[in-house]
Amino acid sequence: MINGHILTGNPVTDNKFQGVTTLNQIESYGLKRPSQVENARSTDSPSVRKAKEMHDQMNRRFDAARLHRAVAYRDYIYLVEVQGTMGGTPAITLWYPDRLETNEEGVVIPYNSHLTAIDGETQTEARYMLRDGVTPGKIGRTQIKEQRDDKPETGDNRLAVTIYHGIPISHAQQILRDYNAEAHPIDPKKASAYDHVGALAQAVTATIARANVLPERVNQKGNVAGKKFVVAYQQVLSGIAGFVLNGTQAEPVTATTVRMMNRPAADAVPDRAIEEIAQVILAGHLAQAPAIVWQAAGHRLAQGHVNLNYHGALRAYEETKAAGRGGPRMSPRERLSRIVAAL
């Protein structure tokens, strides 16, 4: 007799198993919603309280920042798994303290078990949000303003899981630390070069094509064109972002800016921005100019200025450099405003 649920897959080591499941299935096998666990009360069911007890020993808090990221992740999963956009999700990594029995089909998870997420909690919460919807209001102490319709059918979408079992909590904590500390997230500005879905990334590609620059003539990794290329990806990205961020005062393009402009819900970049920055590429005056000069040019073009003083902008860039090492440095915003004024 098998005393548990069978999760299909294969063992990797004696303590590591990889399988395929669905949210509906793994929930019934013992995985709780992270926000429910985080905000569990003494009046909740014993299973929820037990899950919270395990989570509090094992993982960091599922706080407001992670909840808001889960909404964005929900939108991403919707695009990839429902609308068929390019993309993918990593396996969710779980921990079960006791050794699990394996058979020809997979691994046996005992009835009434409690599975704890080591890595992938945000994705887990996002999948609950996708299946069950998001209603404006409070989740615990966190105010959520977004409204998202429920997609109950996504509870049966297949997803990959990795289960570490038969290891003590100290080992599981070490895995959590190693997964999150040894790998450094890629800079959103650099990641944009590999993005084919984000609104800003698509605009960069369209701008380069509008300027009739072949892909092999684009410096994908450097910050300026250099000798072998016509333009650098980061230059075009900064020019377009500067155009879109047009306001009374130019604001520096940050990693957060790029991340937000490439989110699934981001607005499309105006075609005028693509046309104007394409003309900057064709002019060739800023091929060796750093990204901040391109951003200043984008800002100026968005305000309707056509005949830009490129040489003045490059001179302003050089004049605002900090001399030597150390000492006071001009803020990025002030430096950007000087370059904008010189244009």
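The values are calculated or read from the model by the stated rules, or taken from the named source; none is laboratory data. All values derive from a computational prediction rather than experimental measurement. So basically every Cβ, Gly included, is an ideal-geometry build from the backbone, and we count neighbours across all protein chains shown.
Would you confirm whether any residue within segment 206-216 is closer than 16 Å to SER192 by Cα and of a type in the set (A, V, I, L, M, F, W, C)? Working first, answer last.
Going through segment 206-216, the residues closer than 16 Å to SER192 by Cα turn out to be 206-208, 215.
Keeping just the survivors that are of a type in the set (A, V, I, L, M, F, W, C) gives 206, 208.
Looking through segment 206-216, at least one residue is closer than 16 Å to SER192 by Cα and of a type in the set (A, V, I, L, M, F, W, C).
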Practice prompt. May I ask you to list the residues in segment 232-272 that are more than 15 Å from SER192 (Cβ to Cβ), surrounded by 23 or more Cβ atoms within 10 Å (Cβ to Cβ) and not aliphatic (A, V, I, L, M)?
Written response: PHE243
Response to the item:
Selection from segment 123-172 of residues farther than 14 Å from GLU81 by Cβ and basic (Lys, Arg) yields LYS138, ARG141, LYS145, ARG148
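Quick check, is THR89 over 24 Å from the mean Cα position of the chain (by Cα) and either more than 30 Å from ASP195 (Cα to Cα) or among the polar types (S, T, N, Q) (or both)?
Details: over 24 Å from the mean Cα position of the chain (by Cα): no; either more than 30 Å from ASP195 (Cα to Cα) or among the polar types (S, T, N, Q) (or both): yes.
No, not satisfied.
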Discussion item. Filter segment 89-122 down to the residues that are at positive phi and either surrounded by fewer than 20 Cβ atoms within 10 Å (Cβ to Cβ) or at pLDDT below 90 (or both) and list them by number.
Written reply: ASN112
Practice prompt. Please tell me if ALA273 is aliphatic (A, V, I, L, M), at pLDDT 95 or above and in the same structural domain as ARG217 (by TED's automatic domain parsing).
Written response: yes
Discussion item. Test of understanding: among THR85, THR21, THR8, which residue is in contact (Cβ under 8 Å) with a residue 24 or more places away in the chain, within 29 Å of MET261 (Cα to Cα) and of a type in the set (S, T, N, Q)?
Written reply: THR85
Worksheet entry | In segment 79-122, the residues that are part of a helix (DSSP H, G or I) and touching a helix residue (DSSP H, G or I) at 6+ places or on another chain (Cβ under 6 Å) | GLU121, THR122
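Within segment 154-177, is even one residue acidic (Asp, Glu) and either under 21 Å from the mean Cα position of the chain (by Cα) or under 22 Å from GLU216 (Cα atoms) (or both)? So that I can check it myself, show each step before the final result.
Keep residues of segment 154-177 that are acidic (Asp, Glu), which gives 156.
Among the residues that remain, those that are also either under 21 Å from the mean Cα position of the chain (by Cα) or under 22 Å from GLU216 (Cα atoms) (or both) are: none.
No, segment 154-177 contains no residue that is acidic (Asp, Glu) and either under 21 Å from the mean Cα position of the chain (by Cα) or under 22 Å from GLU216 (Cα atoms) (or both).
I'm trying to understand the selection: among the residues of segment 136-154, which are touching a residue at least 40 places away in the same chain (Cβ under 8 Å) and not in a strand (DSSP E or B)? Steps first, please.
Of segment 136-154, the ones touching a residue at least 40 places away in the same chain (Cβ under 8 Å) are 139-142, 144, 146, 148, 151, 154.
Listed by number, the residues that qualify are GLY140, ARG141, GLU146, LYS151, THR154.
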Practice prompt. Mind listing whichever residues of segment 155-186 are part of a helix (DSSP H, G or I), of a type in the set (D, E, K, R) and over 22 Å from MET129 (Cβ atoms)?
Written response: ARG177, ASP178
